[in-house]
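The values are calculated or read from the model by the stated rules, or taken from the named source; none is laboratory data. Only a predicted model underlies this, so the values are computations on that prediction, with no experimental measurement involved. Here the Cβ positions follow ideal geometry from the backbone for every residue, glycine too, while neighbour counts run over all protein chains shown. Remember, those area values only see protein heavy atoms, side chains included, never the ligands or the DNA or RNA. Shrake-Rupley method; radii C 1.70, N 1.55, O 1.52, S 1.80 Å.
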Amino acid sequence: MNSLELFINLAKNISLLLAIAFIFEFIRPRLRQLPPLSQQVLQGVVFGVFGLLIMLSPTRISDDFMIDGRSVIVAIAGAFGGGIPVVLAGIIMGSLRVAMGGGGVVAGLIGIATAAGLGYGFRLLRLRYGTPVTMRSLLILGLLTATAISILILAAAGPVLARAVVLPYFAIVPTGIMLLGWLLMYQQRQFEMEEALRDSEERYRSVITTMTEGVIVHDSNGIVTTCNASAERILGIKADHMIGSSLDDLRNWQIFNQDGSPVSENDIPPTIVLRTGLAPAETVMGFSKPDGSVCWVLINSRPLMKPTCDMPYAVVTTLTDMTQYISAQEALTGERDLLRTLIDSTPDYIFIKDAAGRFVISNEAHAKAVNLETDMLVGRTAFDMFPAELAEQFHADDLELIENGQPLFNLERTTIDSKGKQKTVLTTKVPLKGRDGQITGLVGISRDITERKLLERQTLELKAERERLRVIQRFIGDISHDFRTPLSIINNSLYLLGKVTDDERRLAQAEKIGAQVSRMDDMLDDLLRMEYLSREDTPLALKPMDINVLVLGVMTAYESVAMQKQHQLRLKADEDIPILMIDDEQVQQALASIVENAMHYTPPNGNIDIVTSLYDNEARIEVRDNGVGIADDDLPHIFEYFYRADEARSTRTGRSGLGLAIAKRIVESHGGKIEVESTLEAGSCFRIVLPLTTQRETALQRSIV
């Protein structure tokens, strides 16, 4: 047989190999469904059977030697199948070669083993280095296999037969391995792609199945081809009723917008996608479910496009159940509107500030008070709306609250309204805290109490007026009594003057008249002094004065009276008392009234001690007596105008009953106070207290003459 005939016969074997490869393409997917070991065993059997088919139509080069495509089959079995398949294929093909007999059995078996070893070694190297199967690597495997078999033929059949076989063998074996390997490689890649596609589809199907969002797929005609369980749950429609329905069927559905208006078929997102190719997103629509309930759905539709087509071949729509969110949003909106209505309807000023003092929220009453719209007030501070003095006060309150974190309750502050008119407000501010507990601002509520303050002031004025009226009424009663007595005496004395002729008796009556006139003059002086001191703007003639000198002057003035009443008048002075700024005539009058009171209610041979002292930044003048004392019931009232106790223990000075009241008024006008301690039948102690430091400021605020 010449080389051309050999080449043709080997080419026929290659064609048979290719046909076997296509048959293997149908068998191989079934093998994939078996366990790994079973797959390898069956692959070996299949490769062996294919080898048997090749070997049944060999090309004989002599009576003992024949060549065929078995080396291609066994090399491919080792390269693509692995150890078990190549061993099984080799055993099957070797067994047939032994059965066929002849002198080339050993060489044939060696050839099978050599091709199997080369194919399996090719597999091991590829797996070790991670290199993919390429046409170049298959060519190398084919050349190595052809070289090894050619050497074997040369050794077994001699040079003559080898020369006739080698050239066609080198052409056919690499070509067969490359073609068969490429087909198997292509089948492997196709299978892997199909497996990957199936895995991908399964993953996507699992994702879609487990998604909480509903998924619906429409084809280009608007027919539903796929939907998941979430779409069934959200829309309340079973899949068998949904799949196969068209967009035209949506006309029977009640679909509406958030404002309640119906949605036309052309405005439904899948329809828009199929009509325009656009992808509307974040569309919220309401659906009436078959059970009569309403569900709100967030719809996103996306087109599926082919590279060669401008319009979608399908639409994927996702549905997100927004029913609870919309319901919560509507409830929150209702509560917000209700709260807004509430805060806007209250006359109180309600506002929220951030930590920088900027207004964040304000109600209408507060905005109206500063003559701004509610929205225009946001972002401003108190310095943008009020005079600097008022704004500083408001800002100081805010800083105190934010720094201390403690609420400020019922702060009485002065503000101005939109017309610049002064108002009085009662403000409460509480800290506003974030989720981390940090203070982010404050909430304030202010109430206009201008009218209330005016009413309170009017009430106080009315009360004071009533008190003045009561005092006047009492004054009229008391003064009429006090003036009636001396007038009666004067009247009687005048009558007697007209009757008696004795000069001595006439002189006595004249002296009585003079004494009563003097008494009435003292009473009028006390009344005028009380009226003068009752004025709020009564000036004080302040000048530096030594308290001890002032006390000594009063004692000197009353020495003769004390001698007449057989009183022992004593002074104990503290020389450390500093010079005070006082109205010496007024203070002297107050001290004289207290001394007169003590002398009036101290029996003969009694003691009246005047003690000056310095105590806790105060100058004190104490007048102590061992007289009749003052009853506990009368003690709280002794400084009231015209108060009269029992005549036996009256606190009157013997003149108008205004002495102690005048003394109290004088001391208080100097920023001081009068204290009294008394025990019946044991005596009394009146204490004048004058401050050393604040007295000067208090007096100067009134007036300096």
(message) So, L152, is that one modelled with pLDDT of 75 or more and either under 19 Å from I76 (Cα atoms) or open to solvent by less than 50 Å² (accessible area, probe 1.4 Å) (or both) or not?
(response) yes
(message) Any residue at all in region 208-231 that's surrounded by 15 or more Cβ atoms within 10 Å (Cβ to Cβ) and on the phi > 0 side of the Ramachandran plot?
(response) yes
(message) Given the criterion at negative phi and touching a Ser or Thr at 6+ places or on another chain (Cβ under 9 Å), identify the matching residue among G90, G121, G142, G117.
(response) G142
(request) Kindly list, by first and then second residue, each pair from a residue in region 538-561 that is surrounded by 14 or more Cβ atoms within 10 Å (Cβ to Cβ) and modelled with pLDDT under 90 to a residue that is hydroxyl-bearing (S, T, Y) and not in a loop (DSSP other than H, G, I, E, B), limited to pairs with Cβ atoms under 9 Å and residues at least 6 apart or on different chains. (result) T538/Y532; T538/S669; L540/S669
(request) Check V587 against each of (1) under 60 Å from the mean Cα position of the chain (by Cα); (2) open to solvent by less than 20 Å² (accessible area, probe 1.4 Å); (3) among the aliphatic types (A, V, I, L, M) and name the one condition it does not meet. (result) (1)
(message) Testing V133 on (1) in contact with a Gly (Cβ under 9 Å, 6 or more places away or on another chain); (2) among the aliphatic types (A, V, I, L, M); (3) not in a loop (DSSP other than H, G, I, E, B), one condition comes back false. Which one is that?
(response) (3)
(message) Quick check on my filter: what residues within region 306-327 are part of a loop (DSSP other than H, G, I, E, B) and free of Cβ contacts under 8 Å to residues at least 12 places away in the same chain?
(response) K306, P307, T308, C309
(request) Working only within region 247-294, note down all residues that are hydroxyl-bearing (S, T, Y), exposed (fewer than 13 other Cβ atoms within 10 Å of the Cβ) and not in a helix (DSSP H, G or I). (result) S261, S264, S293
(message) I want to confirm something. Restricting to region 197-233 and keeping residues that are of a type in the set (D, E) and not in a strand (DSSP E or B), which single residue is nearest to the chain's Cα centre (by Cα)?
(response) E213
(request) Filter region 428-471 down to the residues that are closer than 18 Å to I343 by Cα and touching a residue at least 60 places away in the same chain (Cβ under 8 Å), then identify the one that is surrounded by the most Cβ atoms within 10 Å (Cβ to Cβ). (result) G444
(request) Within region 350-360, track down each residue that is outside any loop (DSSP other than H, G, I, E, B) and hydrophobic (A, V, I, L, M, F, W, C). (result) I350, F351, I352, F359, V360
(request) Scan (1) crowded, with 18+ Cβ neighbours inside 10 Å; (2) over 19 Å from the mean Cα position of the chain (by Cα); (3) not charged (D, E, K, R) for the single condition F386 breaks and write down its number. (result) (1)
(request) Select the helices (runs of 4 or more DSSP H) contained entirely in region 361-424, then report the ones holding at least 1 residues which are within 17 Å of P347 (Cβ to Cβ) and of a type in the set (D, E, K, R). (result) 364-369
(request) From the list L139, L127, L180, pick out the single residue that is buried (at least 16 other Cβ atoms within 10 Å of the Cβ) and among the aliphatic types (A, V, I, L, M). (result) L180
(message) Condition (residue is at pLDDT 85 or above, among the aromatic types (F, W, Y) and either open to solvent by 60 Å² or more (accessible area, probe 1.4 Å) or assigned to a helix (DSSP H, G or I) (or both)) applied to region 114-123: is it met by at least one residue?
(response) yes
